[in-house]
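Below is one structure, written out as structure tokens, with a few remarks after it.
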Amino acid sequence: MSRLPAVKVLVTRPKQQAVRLAEQLAQAGASPIMVPLLTFRTRTDKNNQMLSQQGNRFDWLFFSSINGVEHFHALVSKFSDLENWKHCHIAAVGQKTAEAVERVLDRNADLIPDAYTADRLAEEFSAAYDPASRILLIQGNLSRPALSNGLRQNGYNFEKMVVYDTVEEKCNQELLNKVLQNDKPEVLTFTSPSSIETFHSFICQSEMKTKQLEKLCLVIGPTTEEAAKRYGFDNILLPAHYTAEAMIDALLHYYEQRTGE
């Protein structure tokens, strides 16, 4: 099996997820450098406390991320009981989210789109299920509107439950600048548009920002790719599937091609 060269790879994922990605990169032969730029906080406001106790009002739960599953579980465990939600069908935007549903909620997802995007989930649900379905969209504060827009356009009524907030890890701003200055990672990895935005805002010197745009930018999916382009990255690598494992596969293939040349 081919391995990565000892290339320095910056891992910007939240700490909860960064460790696993760094381990996988190291196993593949790279030298990962972890600088988490974001973290997640469960939103325990009165609205979520109330919604956590109203499982009988809904027929479907829509999860668009692993974080949504985990923070929903935290809220329901704190303010209610998962038994009150057992009757609900579950839609998950991708296989990793579906696996989180099984691991955290001890349930199987009833609908997983063939392409792991919110747009596709809205399309497939609209083609197969009754517009009278009572839907709860479980999201983070920075979730894209694609899923809600798709359902709305097809006549579905739904409520949103923002179960977590994405917060900048300001304590790591100095660390990021030191790593870029001294360690000089050759590959930058991003798993959300907000991670790119924070990366850009954290860098203190304009010259340093410009240097980063020349590096290989490895992103997890098309929305993150769009953000990378918007901020001026030219050399962007997008995996065929939108998972951390696929990111590493894409990186392996990238260096295999370079070696072949």
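Tabulated results
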read-out: Under-5 Å amide H pairs with S31, H placed in peptide plane, nonlocal only; value: V7, K8, V9
read-out: Solvent-accessible ranking of D81, D234, largest area first, probe 1.4 Å; value: D234, D81
read-out: Dipole magnitude (debye, nearest 20) for the chain, charges at Cβ of Lys, Arg, Asp, Glu; value: 620
read-out: Sequence ranges 202-210, 146-154, ranked by mean other-Cβ count within 10 angstrom, highest first; value: 146-154, 202-210
read-out: Probe 1.4 Å - accessible area at M50, Å² to nearest ten; value: 90
read-out: Solvent-accessible surface ranking, highest first, for H71, H89, H200, H241 at 1.4 angstrom; value: H241, H89, H200, H71
read-out: Compactness index (Cα Rg / 2.2 N^0.38 Å), segment 8-128; value: 1.23
read-out: Solvent-accessible ranking of S31, S194, largest area first, probe 1.4 Å; value: S31, S194
read-out: Dipole axis of segment 41-166 (+1 Lys, Arg; -1 Asp, Glu on Cβ), positive-most option in L105, L142, N67; value: L142
read-out: Straight-distance crosslink candidates among lysines, where the alpha carbon sits under 30 Å from K160 and sequence neighbours closer than 8 are dropped; value: K15, K46, K78, K86, K96, K170, K229
read-out: Share of carbon and sulfur in the accessible heavy-atom surface of segment 41-166 [1.4 Å probe, %]; value: 43
read-out: Span from the segment 58-85 Cα centroid across to the segment 146-223 one, whole angstrom; value: 25
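The values are calculated or read from the model by the stated rules, or taken from the named source; none is laboratory data. The structure presented is a predicted model; accordingly, all values stated were derived computationally and were not measured. Note that each Cβ is placed from the backbone with ideal geometry, even for glycine, and that neighbours are counted across all protein chains shown. To get the accessible areas, we keep the full protein, side chains included, count just its heavy atoms, and leave off ligands, DNA and RNA. Shrake-Rupley method; radii C 1.70, N 1.55, O 1.52, S 1.80 Å.
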